[in-house]
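Novice: Structure incoming, see below.
The values are calculated or read from the model by the stated rules, or taken from the named source; none is laboratory data. This structure is a prediction, so every number in the text was calculated from the model and none was measured. Quick reminder, even Gly has a Cβ in these numbers, built from the backbone with ideal geometry, and neighbours come from all protein chains shown.
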């Protein structure tokens, strides 16, 4: 489930799926029949595919290059990235849900306090039991996505897509880029952190956040009608 506050200017249909393909590779002069997993994106009937293993290797190589002297760089990074991925998934879902409600109820100022974020985090954690981690209310940038933005293969594929469909406005290109990188990020995370049910976390977080905003909006409606009809605080009937 892709959540984004960025909307495309040009109408597009973009979907993704995971495909396992049988391929042959040569090792020590022997042909080996191997299965490779591909992440395939289809935009307005035009498809592009990325080899998941190749992308994972690219991420690991990029991480190692940051601190080449650290022989445990990848393991250290994975521990930190796991917390960032978890917290960022919550925070992005909070933001996307708030944006959705703000677009539908422009007269209501909707905010989510750190206390409410933590409360929703705790509720989701109790429901899904994904382990004990510290929630970071300000976490936003996932380093995997940051690394993917610098991947030439992805950048060139997006350029081909843009040319194929005559897409020139940057907002639509940004939407496509975010969709692709976010989807790849989630797929790689399933391999790196199989104990983190990120899709379920998004769904539960969106549900609980929407429920909270619905209550806030109902309260705003009550205050409006209370003032409109001059109801006293003890009168609970909403016209």
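Novice: Does at least one position in the range 129-146 carry a residue that is in contact with a strand residue (DSSP E or B) (Cβ under 7 Å, 6 or more places away or on another chain) and either under 22 Å from residue 112 (Cβ atoms) or crowded, with 17+ Cβ neighbours inside 10 Å (or both)? First the steps, then the outcome.
Specialist: Step one: list which residues in the range 129-146 are in contact with a strand residue (DSSP E or B) (Cβ under 7 Å, 6 or more places away or on another chain), which gives none.
The answer is no, given that none of the residues of the range 129-146 is in contact with a strand residue (DSSP E or B) (Cβ under 7 Å, 6 or more places away or on another chain) and either under 22 Å from residue 112 (Cβ atoms) or crowded, with 17+ Cβ neighbours inside 10 Å (or both).
Novice: Suppose the filter is closer than 26 Å to residue 200 by Cβ and out of contact with any strand residue (DSSP E or B) (no Cβ under 7 Å at 6 or more places or on another chain); does residue 118 pass it? Reasoning before the result, please.
Specialist: On the way: closer than 26 Å to residue 200 by Cβ: yes; out of contact with any strand residue (DSSP E or B) (no Cβ under 7 Å at 6 or more places or on another chain): yes.
It is true that residue 118 is closer than 26 Å to residue 200 by Cβ and out of contact with any strand residue (DSSP E or B) (no Cβ under 7 Å at 6 or more places or on another chain).
Novice: Still on this structure, please answer the following. If you take just the strands (runs of 3 or more DSSP E) that sit entirely in the range 8-105, which of them hold at least 1 residues that are farther than 30 Å from residue 118 by Cβ and at pLDDT 90 or above?
Specialist: Working: elements: 14-27, 30-43, 46-51.
Filter on the range 8-105 gives 30-43, 46-51.
Novice: Could you please give the count of residues in the range 140-164 that are at pLDDT below 90 and in contact with a helix residue (DSSP H, G or I) (Cβ under 9 Å, 6 or more places away or on another chain)?
Specialist: Qualifying residue count, the range 140-164: 4.
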